[in-house]
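In what follows, a structure is listed as structure tokens, so that the remarks can point back to it.
Here, each number is a calculation from the coordinates, and none is a lab measurement. Predicted model, so just to flag it, every value in this text is computed and none were measured. Neighbour counts run over all protein chains shown; Cβ positions are idealised from the backbone, glycine included.
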Amino acid sequence: MDPYISTYRYQVTATTTLIRDNYSYLEKGAVANDVYQLAGRVMAIRRHGKIVFAVLHDGFGKIQLVFRYDVLKTKEKKWKLLEILNVGDVIGVRGRPSRTLRGELSILVEDFDILSITWRDYPEKWHGLADVDKRYRLRYLDMMLNESVRQAIINIYRIEKAFRDFLDAHGFIEIHTPKLQPIYGGALARPFTTRIHALNTNAYLSIAPETYLKRAIIANFFKVYEIAVCFRNEDIDAEHYPEFIQIEIYEAFSDWEDMMRLVEHMMNYAIEETYGDSVIEIHEGDEIIELNFKPPWRRVSIEDAIEEFGNIKVRNRDYNELLEIAENLGIEIKDPRRGKIIEKIFEKVAQPHIKQPTYITMFPRDISPLARPSRKDPRYAERFEIYVNGLEVGNGYSELNNPIVQYYFFKKEEELRRKVLEKFGEIEIHPMDKDYVRALEYGMPPTAGVGIGIYRLIMALHKLPSIKDSIPFIFIQPEEFQTIAERDTEILKYYIKKLNLENREK
């Protein structure tokens, strides 16, 4: 019996969810009259003479399978097949919902088929695996066997759907922006460089959809968003990864206050849709933290947050005074901008303490080249960042829509790069984008925008130790290993002969 030769499909008529929802009433020892077919992967097996118990995972959940000899006795071959059934094999079963004498809702199997086999042994203990590289390298096993990672990844797409549903209901349109761009922009980041051979020119992978979505605003798409894949050629650590997903939203005729209200209501809706409540519990060791997403969220300026959590006054301090504070805190500074030092101090003394959803506001102007100056104090920008459970998950502001001022700030960024290149090395700036400036010259209305990192958000909501745990598949350096066909050439020869593969190639 070879499923790779004989089996092309299996008719599934029920899921584990359906069985659990519809047959919870079954009493101990009861067997329903209804017959269903389920399919999935065998996750565990226990053999007890004339009865075999197994656990089936069908992608929706798990359920116990009960194989009894007296039920399968007319299918002697199938009973013998159970002797070589392995954890990891994919099977289809036909049987009736039942509840064992111990009270476990199960499927009493009347027939089954093996649909695919595992050629490799499954690890007996995957949880707490010390070899993190192995977890990421065999990510398909990690997502299969690590329930916390699996649930986090499922919730990525639930949150994305909820974001879309909310924005679509509020009149927004999703627009796809280019991932290959002649000039990168929309954030302070180092880009990936590639080449378009057909045009004989270099191109950059998108670091953000921002400037293209604002071009859409200029094109009279006054409410736009994109759930976009972005690429930033930067360090890889617990909170950063070169490829990530974020949602960016832009609304014309709005300012940063409007956008903060939109975001907190959208986020609250998504949390309720995904987790069932506005308040979710996060486990940190023995401590349980309740994160409350009900609007309104707290708003605090970056300088006030530093004073509140670090007891350090940075307001109106000059560059050298701030530099001394940073050095005393053990912060390495590789950027000459005053605002960057304030940002680094905030990340050190305040950020880890911000658990509840919070807006940090009033960022220094010199590190916000695409934001409008504050109408209260032009030294600052009308910019906010979103913090959840100690992580920065989003960034937004009143958008700069004056093409003359935007050109000026782009020029200042370029001058800064030239001035500091020798002393500090390469720093993150926004390059001159004259086409974007030209677009602004056609008139962009007052606009507010925000970007929210979805992997970061999931990391915060599930208290994952690394952003890699929230990403389905990550970049891994190839390793040397043997496939089964390389390790056992007799199996390879068998299939070449059995399927007449060599003649087919001719």
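Sorting D286, D165, D469 by the number of Cβ atoms found within 10 Å of their own Cβ, with the fewest placed first, yields D286, D165, D469. Segment 448-506 to segment 1-76: how many Å between their Cα centroids? Computed from Cα coordinates, the inter-centre distance equals 28 Å. With each label modelled as a point 7 angstrom along the Cα→C-beta vector, the E234-E332 pair spans 1.6 nm. With an a/c value of 1.5 or above and a/b not larger than b/c for the gyration tensor axes a ≥ b ≥ c computed over the alpha-carbon atoms, segment 272-418 is described as oblate. How would segment 448-495 be classified by its alpha-carbon gyration tensor: rounded, prolate or oblate, with rounded meaning a/c under 1.5 and the a/b versus b/c comparison settling the rest? It is prolate, given that a/c is not under 1.5 and a/b is the larger ratio. Restricting segment 283-375 to GluC sites (Glu not before Pro) that sit in a DSSP loop and have at most 16 other Cβ atoms within 10 Å of their own Cβ leaves E332.
Annotation for R417 and R164: the two label points, set 7 Å from Cα along the Cα-Cβ direction, are 3.5 nm apart.
Around the Cα centre of the chain, unit charges on the Cβ atoms of Lys, Arg, Asp and Glu (plus for the first two, minus for the last two) sum to a dipole of about 1440 debye.
Are there GluC sites (Glu not before Pro) in segment 452-506 that DSSP marks as loop and that have at most 16 other Cβ atoms within 10 Å, and which are they? Passing sites in segment 452-506 are E479, E480. Note on I289 and D34: with the Förster distance fixed at 45 Å, the Cβ-Cβ geometry gives a FRET efficiency of about 0.55.
Per residue, the average separation of C-alpha pairs within less than 8 Å and at least 6 apart gives the chain a relative contact order of 12 percent. In summary, the chain shows an alpha-carbon radius of gyration equal to 1.21 times the 2.2 N^0.38 Å reference for compact globular proteins.
Would you tally the net charge around M259, using a Cβ to Cβ cut-off of less than 14 Å, leaving M259 out, and scoring K and R as +1, D and E as -1? Summing Lys/Arg as +1 and Asp/Glu as -1 gives -4.
Residues L416, L38, ranked from the fewest to the most other C-beta atoms within 10 Å, line up as L416, L38.
Taking a ≥ b ≥ c as the square roots of the eigenvalues of the Cα gyration tensor, an a/c ratio of 1.5 or more together with a/b no larger than b/c marks segment 252-319 as oblate. Of the trypsin sites (Lys or Arg not before Pro) found in segment 360-406, those in coil by DSSP whose Cβ has at most 13 other Cβ atoms within 10 Å are R375, K376. Tell me, how many Å apart are the Cα centres for segment 316-353 and for segment 78-142? Taking the Cα centre of segment 78-142 as reference, the centre of segment 316-353 is 53 Å away. A helix-only calculation puts the chain at -10000 deg cm²/dmol for mean residue ellipticity at 222 nm, using -39500 (n - 2.57) for each DSSP H run of at least four residues, averaged over all residues.
Note on L81 and D488: with the Förster distance fixed at 30 Å, the Cβ-Cβ geometry gives a FRET efficiency of about 0.90.
Most simply put, the chain has about 90% antiparallel DSSP beta bridges, counting only bridges with both residues inside it. Local charge for L101 was computed over the other residues whose Cβ lies under 13 Å away, with Lys and Arg +1 and Asp and Glu -1, and equals +2.
Pairs from the table (K348/K468; K334/K411; K214/K463) lying more than 27 angstrom apart at Cα are K214/K463. Hydrodynamic estimate: the Kirkwood radius of segment 95-221 over Cα pairs, inserted into Stokes-Einstein at 4 °C and 1.567 mPa s, corresponds to D of 63 µm²/s.
Segment 378-412 and segment 277-302 have Cα centres separated by 25 Å.
Segment A198..S278, full-extension length gain: 23.7 nm, with 0.36 nm per residue of separation and the alpha-carbon distance subtracted.
For the chain, excluding the exposed loop sites themselves (chymotrypsin sites (Phe, Trp or Tyr not before Pro), DSSP loop, at most 13 other Cβ atoms within 10 Å), the longest remaining stretch covers 254-441. Every pair of different Cα atoms in segment 3-122 enters the Kirkwood calculation, which places the hydrodynamic radius at 14.4 Å.
If R0 is 51 Å, what FRET efficiency do you get for K376 and V132 from their C-beta distance, rounded to 0.05? Once the sixth-power term is evaluated, E becomes 0.60.
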